[in-house]
Amino acid sequence: MTKLIVANWKMNKNAKACFEFFDTFNAKYSSKREAWIAPQSIHLNLVINQGMKANVKAGLQNCSDHTSGAFTGEISPVNAKELGTHFVILGHSERREIFKETSKTIAAKVKTAHQSDLKVIFCLGETLAERESGMTETVLKDQLNQGLSDQSLATADNLVVAYEPIWAIGTGKTATPAMAQEAHAFIRSILKDKFPGFGEKVRLLYGGSVKPDNVEELLAQKDIDGGLVGGASLKANDFLALCGDK
Ligand code: 13P
């Protein structure tokens, strides 16, 4: 299976910085690994157009659970799809923690995104306190069952799951490859039960301080199919290294 590396640019980069990124990235990207990029939605068109030149797919960092209507400030998944958007990240811990998104809202967003023909990267992960009190598996199982409840439209092709331990995001503390593998194997076992026939084929990404110097070890794990990357995806040369293009 080709590994998938996803850049989550969060609320970083102005338009000029986006163009500069692609000047470097597109010249060297070999497609050895699949590359997807989620910019701020105001730069979506720019990333769709620049990414197209190198077969890089663009996506949203969030979207509405409605497709149209009186929802000031929200982004319609179906209108994003019309522009050429490939995917949406849903359930990121920053959305859960800062914007108080519940599993119920996330489940509704996943469903609307699939109805809009967007691929979904569904994020989950435990806090440090939850890990230290031995709750990791319970938390992951609850997040999967609640956030992916009633997902009759999910397929191995339109669902990607990203395990992002919250204590590893932006902290420089990566889960060890063995720790990440253990969580991924657990998530895989739940997906197999939840989605008989295709659960084992859903791609599982690891996120949380993935860098050029730890990516190979992480990707070598049996159940790690790629990475969801914040900080190290912002510099074109680092993102190239993550994509296997040094
Ligand atoms: P960092 O790679 O900066 O730790 O961020 C991870 C993340 O939140 C990606 O969605």
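Brief remarks follow.
- Filtered residues of segment 204-218 (kept if away from the ligand (no atom under 12 Å from the Cβ) and surrounded by 20 or more Cβ atoms within 10 Å (Cβ to Cβ)): L204
- Count - residues of segment 85-129 that are touching a strand residue (DSSP E or B) at 6+ places or on another chain (Cβ under 7 Å) and in a loop (DSSP other than H, G, I, E, B): 6
- Pairs are defined by a Cβ separation below 8 Å, a sequence spacing of at least 6 or placement on different chains, a first member in segment 26-54 that is within 13 Å of T85 (Cα to Cα), and a second member that is small (G, A, S) and part of a helix (DSSP H, G or I); the pairs so defined are I37/G51; I37/S233; S41/A80; H43/A15; L44/A80; L46/A15.
- In a residue-by-residue description of segment 131-138, the property of being away from the ligand (no atom under 15 Å from the Cβ), under 24 Å from K57 (Cα atoms) and among the hydroxyl-bearing types (S, T, Y) applies to no position.
- Among the residues of segment 145-165, just one is buried (at least 21 other Cβ atoms within 10 Å of the Cβ) and part of a helix (DSSP H, G or I), namely G147.
- The residue that is farthest from the ligand (Cβ to nearest atom), among those in segment 139-182 that are among the polar types (S, T, N, Q) and in contact with a strand residue (DSSP E or B) (Cβ under 8 Å, 6 or more places away or on another chain), is Q151.
- Looking across segment 86-116 at every residue that is aliphatic (A, V, I, L, M) and within 16 Å of the ligand (Cβ to nearest atom), the one that is nearest to the chain's Cα centre (by Cα) is identified as I89.
- Number of residues in segment 133-175 that are in contact (Cβ under 8 Å) with a residue 12 or more places away in the chain, β-branched (V, I, T) and farther than 20 Å from K201 by Cβ: the value is 6.
All of the numbers you see were taken from the coordinates with simple rules; none came from a lab. Please read these numbers as outputs of a predicted model, since none were measured by experiment. Ideal geometry is used to build each Cβ from the backbone, glycine not excepted, and the neighbour counts take in all protein chains shown.
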